[in-house]
Structure formats: structure tokens, C-alpha cells
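The values are calculated or read from the model by the stated rules, or taken from the named source; none is laboratory data. All of these numbers come straight from a predicted model, not from anything done at the bench. When we count neighbours, we look across all protein chains shown, and the Cβ atoms used for this are built from the backbone with ideal geometry, even at glycine. Heavy atoms of the whole protein, side chains included, go into the accessibility calculation; ligands, DNA and RNA do not. Shrake-Rupley method; radii C 1.70, N 1.55, O 1.52, S 1.80 Å.
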Amino acid sequence: MDGTLERVEVAGSTSASLSGGDESCDTDHSDERSLPLREFYPYIRCSLCNGFLIEASTITECLHTFCKSCIVKHFFYSNRCPNCAIVVHQTQPLYNIRPDRQLQDIVFKMVPYLEEDERSRICEFYKLRGLEVPKPVPAIGPVKPPPKRKDTLPQSVFTIPSELDVSLMLEFVGAEQGIENYKPLERKYVRVSGEATVRHVELFIRRKMELSPRYKVDVVCGDHLLERYQSLREVCKTMGKNALQNGMLVLQFGLVLPVSK
């Protein structure tokens, strides 16, 4: 679309006319002026595809906005913002993007036929693959939330990702004599993936308590000393309900000195 042909009304100017050498104000005052659409390109175009924003999605860490499909593809091979290179998330950058429906609504209003064209592409996408076109086509613009029912409890604004399926409670049982200069574990409740191993838990404890590499961390569940290679899902299955407290897997750990040979 040629930005030189499209213009946008912007508040801030007043028109006046001169006739017969006498200055007189036009009776039809206007508080708007027109600007070429291209002057708004830095705010309504995606820097990854250079097209107008579609399903505008904003990174919560730096507030830079991109097309949803563009930023999702980018995060397949990078965890940094394409514009400012800030680390969005160490392992799951997709957790820190949010839909910007207000900005998307502005883009659709500023660029004629963009919304209609995008809806047509969605229909064509389904038809080319022999799939049934959803009715209605999924909305791209602002979506009104469903009315809240008075008989239901308000939902949390934070949704826990499904892959983080194990809740841990870490209990520090003490350190062997001679071990010192370590920080207390302030965060004893952790939610992690069941694929994580006891070794991952040990590394978490070492980092948070700033332990010396020469100290050994023994992790115990019930009366069983756990092996480093065991996954937390395996521990849950092996130990059963006896290892759970209020739905959380209870792991106790202590600090010991390595056995000298």
C-alpha cells in the first residue's frame, strides 16, 4: 500500500481564509490536519517482516511490538528482543509476550481494507488445506471478554504453563560441621517440569545458596537418598502419596563434606 496516497487526520490545526485584503476567520473551523500514512510506519509496522502489524504482540520486558507469527518464529532460535537485544526469558521467551489488541485496532482503522484482506487470507489458508473454515473466522481485532458470572470465583491473571507440572517444597535439614558461608534458601516453593532431574534441583540449590563447589548436596525424599539422574516425575511415581504434602513433592536436602579418599 502506498503511504503517500493515504492520509490520517491528526488534531492540532485551525483553518483560516483571507479575502479582499481583509483577514477573516473561516466560519468552519477545523481542529484536524492530515499526515501521510508513512509517517506512522514506525509505530504500526513490524520490524521483522516490514508489513503492517497482524495480531500485534508486545514483549513485556521492553514493550516492543511485532506480528505474533513473526515473534514466535524469532523465538524458535533466540531468546532476545529483535529490536533491543534484551533477554526476554532465559528458557521460555514466549511466556513474556502479550497480545496488544488496542494497537491492533488502531492499525486496522488506519490502514483501509487490511482487516478484510487478512480475514480473506485466513479463509484461503483453511480451504487450500482441505480444512473446514471456522465460523465465524477467528477475530483478529479486539475481542470482548465474556460477561462475568456472579456465581463463579474470579480467575487468576497468571496461568501456570501446563509443562510445569510438579510443585516442590524444599526443606533444608542442616549442614555438616565445617560447612559455612552459605546463604539461606529464601525460595523453598518451586514449580518445575516433571522431566527435571534431581541434578537440576541440586544446581538450583547451589545457585540460590551460593555454595562452594567442594560441598556436596544430598537430596532425600522420605527415607530414600535420591540419585542425580532420577526425574521428578519418576520420584513422584516411586514414592507415591507419602511424598506429597498439600499436593507438593517434599524434598529434604542437607550439605555434607565429600568423603576424603
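Residues of segment 223-248 being touching a Leu at 6+ places or on another chain (Cβ under 9 Å) and part of a loop (DSSP other than H, G, I, E, B), which ones? 226 - this is the single residue of segment 223-248 that is touching a Leu at 6+ places or on another chain (Cβ under 9 Å) and part of a loop (DSSP other than H, G, I, E, B).
If you scan segment 182-198, which residues turn out to be of a type outside the set (Ser, Thr, Tyr) and in contact with a strand residue (DSSP E or B) (Cβ under 9 Å, 6 or more places away or on another chain)? Within segment 182-198, 184, 185, 187, 188, 190, 191, 192, 194, 195, 196, 198 qualify.
Quick grid of which residues meet (1) farther than 17 Å from residue 244 by Cβ; (2) open to solvent by 30 Å² or more (accessible area, probe 1.4 Å); (3) without any contact (Cβ under 8 Å) to a residue 12 or more places away in the chain; (4) among the hydroxyl-bearing types (Ser, Thr, Tyr):
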position: 168; (1), (2), (3), (4): no, no, no, no
position: 171; (1), (2), (3), (4): no, yes, no, no
position: 175; (1), (2), (3), (4): yes, yes, no, no
position: 182; (1), (2), (3), (4): yes, yes, no, yes
position: 186; (1), (2), (3), (4): yes, yes, no, no
position: 194; (1), (2), (3), (4): no, no, no, no
position: 199; (1), (2), (3), (4): yes, yes, no, no
position: 202; (1), (2), (3), (4): yes, no, no, no
position: 205; (1), (2), (3), (4): yes, no, no, no
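Cβ-Cβ contacts under 6 Å between residues 6 or more apart (or on different chains), taken from a first residue in segment 207-226 that is at pLDDT below 85 to a second residue that is not in a strand (DSSP E or B), are listed as 222/239; 222/243.
Among the residues of segment 43-59, none is identified as over 20 Å from residue 113 (Cα atoms) and either in contact with a Leu (Cβ under 6 Å, 6 or more places away or on another chain) or at pLDDT below 90 (or both). In the set 222, 247, only one residue is more than 30 Å from the chain's Cα centre (by Cα) and not charged (D, E, K, R); that residue is 222.
Taken together, the criteria place residue 103 among residues that are open to solvent by less than 80 Å² (accessible area, probe 1.4 Å) and touching a helix residue (DSSP H, G or I) at 6+ places or on another chain (Cβ under 9 Å). Exactly one residue among 255, 211, 251 is open to solvent by less than 40 Å² (accessible area, probe 1.4 Å), of a type in the set (A, V, I, L, M, F, W, C) and part of a loop (DSSP other than H, G, I, E, B), and that residue is 211.
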